[in-house]
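Chemist: There's a structure below that I have some questions on.
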Amino acid sequence: MKMETKKENTANRNELAALEKQMRVNNAENIINQRKDFEAYFSGLYDSLNTQYNSEKNHAKSGKIKMLERFINEINEALYKYKNNSNVNVNNEDYKIEALQSLRNNFEMLLTDLHTPDKTQSKGSKKKYKTKEKKPKQLKDFLINSNNFNDKEIEKIEKQLLKHFKNSIVKDLNKGKKQKFNYLILLLAERNFIDIDFDATDLVGYFKMLFNGKSTKEELDLDCANYNKLIRDFKENPTKAINKNSKPYKDILPNMESFEKENEILFVRFKNG
């Protein structure tokens with residue numbers, strides 16, 4: 001009888017150990033599947049929310065407010081979960097994170113716009129986002145000491161930008177390359193033609209419009225994410241951010257020098273303004 005009990009106890013322990021092992025395996029598989037599901041969700045979140053917004057943006061004001069609040073919360077939760085889950089591995093994570101942050105910023109601006117009372121649309125109002133939608137910013141909005149320049153001088157600078165840089169920039173943009181485009185904005189800022197601290201959406205959107213026509217919202221968001229990364233690198237280490245040995249830089253530099261010579265009188269005014 002005692003022998004039988006001992007065998008039964010051994011069998012029970014073995015069965016329990018087998019069950020515990022299977023539970024550990026099942027738990028590990030569940031964790032792996034949850035990570036895979038989150039990675040797929042995170043990677044497709046930008047396209048999903050952007051598509052939803054474009055299909056529902058004509059809803060009534062109250063419905064649009066709820067939709068934007070939901071989208072903002074969803075992005076915040078996704079970014080939080082990503083930040084606090086070191087085991088998640090999303091390809092091109094920096095790019096995807098910056099694109100989502102840019103999309104969230106845009107939703108927040110739209111939400112602010114919807115919450116602003118209509119009375120702010122008076123004649124004296126300078127409401128930022130409505131102005132930006134109705135009339136694209138001009139070069140004079142980004143020039144340092146822009147009050148020193150009249151419309152004809154601004155027009156002259158724009159024409160010279162097109163003359164010296166358009167062909168090269170557009171050729172690269174059509175190939176999906178943005179390095180020359182970003183270098184141009186950086187060099188213009190480095191040489192005191194424009195202010196690097198202006199809003200990236202405004203700067204990138206303006207120069208894209210100047211050189212290559214209007215971009216879609218999605219294209220502009222991704223371009224801004226790419227540009228913002230370069231700006232951060234530039235502010236931390238300008239020499240490293242601008243690779244003076246690269247072909248894009250060498251292609252831009254001769255045109256930049258000839259552009260400066262044509263603007264020499266105006267450029268002096270920049271320095272002394």
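The values are calculated or read from the model by the stated rules, or taken from the named source; none is laboratory data. As the structure is a prediction and not an experimental result, all values here were calculated from the model. For neighbour counting, all protein chains shown are included, and Cβ atoms are generated from backbone atoms with ideal geometry for every residue, glycine included. To get the accessible areas, we keep the full protein, side chains included, count just its heavy atoms, and leave off ligands, DNA and RNA. Shrake-Rupley method; radii C 1.70, N 1.55, O 1.52, S 1.80 Å.
Chemist: Identify all residues within segment 197-212 that are under 16 Å from the mean Cα position of the chain (by Cα) and either among the acidic types (Asp, Glu) or surrounded by fewer than 18 Cβ atoms within 10 Å (Cβ to Cβ) (or both); write none if there are none.
Modeler: Those that are under 16 Å from the mean Cα position of the chain (by Cα) and either among the acidic types (Asp, Glu) or surrounded by fewer than 18 Cβ atoms within 10 Å (Cβ to Cβ) (or both): Asp197, Phe198, Asp199, Asp202.
Chemist: While we're on this one: Every residue in segment 43-90 that is in a loop (DSSP other than H, G, I, E, B) and not β-branched (Val, Ile, Thr), please.
Modeler: To start, the set of residues in segment 43-90 that are in a loop (DSSP other than H, G, I, E, B) comprises 57-60, 84-90.
Residues satisfying the conditions are Lys57, Asn58, His59, Ala60, Asn84, Asn85, Ser86, Asn87, Asn89.
Chemist: Restricting to segment 141-176, name every residue that is within 16 Å of Leu188 (Cα to Cα) and in contact with a strand residue (DSSP E or B) (Cβ under 9 Å, 6 or more places away or on another chain).
Modeler: Once the filter is applied, which keeps residues that are within 16 Å of Leu188 (Cα to Cα) and in contact with a strand residue (DSSP E or B) (Cβ under 9 Å, 6 or more places away or on another chain), segment 141-176 yields Phe142, Leu143, Ile144, Ile154, Ile157.
Chemist: Whether any residue in segment 22-33 is among the β-branched types (Val, Ile, Thr), at pLDDT below 80 and under 30 Å from Ile75 (Cα atoms) is what I want to check. If you could, list the steps in order and put the result at the bottom.
Modeler: At the first step, the residues of segment 22-33 found to be among the β-branched types (Val, Ile, Thr) are 25, 31-32.
Now narrow it down to the ones that are at pLDDT below 80: 25, 31-32.
Retained after the next criterion (residues that are under 30 Å from Ile75 (Cα atoms)): 31-32.
Yes, because at least one residue in segment 22-33 is among the β-branched types (Val, Ile, Thr), at pLDDT below 80 and under 30 Å from Ile75 (Cα atoms).
Conditions (1) loosely packed, with under 15 Cβ neighbours inside 10 Å; (2) under 22 Å from Leu222 (Cβ atoms); (3) touching a residue at least 40 places away in the same chain (Cβ under 8 Å); (4) among the β-branched types (Val, Ile, Thr), marked per residue:
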| site | (1), (2), (3), (4) |
| --- | --- |
| Leu49 | no, yes, yes, no |
| Gln52 | yes, yes, no, no |
| Ser62 | yes, no, no, no |
| Glu74 | no, yes, no, no |
| Lys83 | yes, yes, no, no |
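Chemist: Go through (1) on the phi > 0 side of the Ramachandran plot; (2) open to solvent by 70 Å² or more (accessible area, probe 1.4 Å) one by one and return the number of the condition Gly176 breaks.
Modeler: (2)
Chemist: Does Ile252 qualify as being more than 30 Å from Arg104 (Cβ to Cβ), among the aliphatic types (A, V, I, L, M), in contact (Cβ under 8 Å) with a residue 12 or more places away in the chain and buried (at least 17 other Cβ atoms within 10 Å of the Cβ)?
Modeler: Working: more than 30 Å from Arg104 (Cβ to Cβ): yes; among the aliphatic types (A, V, I, L, M): yes; in contact (Cβ under 8 Å) with a residue 12 or more places away in the chain: yes; buried (at least 17 other Cβ atoms within 10 Å of the Cβ): yes.
Spelling it out, Ile252 is indeed more than 30 Å from Arg104 (Cβ to Cβ), among the aliphatic types (A, V, I, L, M), in contact (Cβ under 8 Å) with a residue 12 or more places away in the chain and buried (at least 17 other Cβ atoms within 10 Å of the Cβ).
Chemist: When you look at Lys261, is it in a loop (DSSP other than H, G, I, E, B), open to solvent by 80 Å² or more (accessible area, probe 1.4 Å), within 28 Å of Asn145 (Cβ to Cβ) and without any contact (Cβ under 8 Å) to a residue 24 or more places away in the chain, yes or no?
Modeler: Numbers: in a loop (DSSP other than H, G, I, E, B): no; open to solvent by 80 Å² or more (accessible area, probe 1.4 Å): yes; within 28 Å of Asn145 (Cβ to Cβ): yes; without any contact (Cβ under 8 Å) to a residue 24 or more places away in the chain: yes.
The answer is no for Lys261.
Chemist: What helices (runs of 4 or more DSSP H) lie completely within segment 136-233 and have 2 or more residues being without any contact (Cβ under 8 Å) to a residue 12 or more places away in the chain and either more than 19 Å from Pro248 (Cβ to Cβ) or touching a Lys or Arg at 6+ places or on another chain (Cβ under 7 Å) (or both)? If you could, list the steps in order and put the result at the bottom.
Modeler: Details: elements: 151-174, 179-190, 200-212.
Because the criterion is at least 2 residues that are without any contact (Cβ under 8 Å) to a residue 12 or more places away in the chain and either more than 19 Å from Pro248 (Cβ to Cβ) or touching a Lys or Arg at 6+ places or on another chain (Cβ under 7 Å) (or both), the helices (runs of 4 or more DSSP H) in segment 136-233 that meet it are 151-174.
Chemist: Tell me yes or no: at least one residue of segment 181-188 is open to solvent by 80 Å² or more (accessible area, probe 1.4 Å), modelled with pLDDT under 90 and out of contact with any His (no Cβ under 9 Å at 6 or more places or on another chain). Write out each step before concluding.
Modeler: Step one: filter segment 181-188 for residues open to solvent by 80 Å² or more (accessible area, probe 1.4 Å), giving none.
No, the conditions are met nowhere in segment 181-188.
Chemist: Just checking, which of Ile65, Ile72 is touching an Asp or Glu at 6+ places or on another chain (Cβ under 9 Å) and at pLDDT 80 or above? Step through it out loud before you land on a result.
Modeler: Values: Ile65 fails: touching an Asp or Glu at 6+ places or on another chain (Cβ under 9 Å).
Result: Ile72 is the single residue among Ile65, Ile72 that is touching an Asp or Glu at 6+ places or on another chain (Cβ under 9 Å) and at pLDDT 80 or above.
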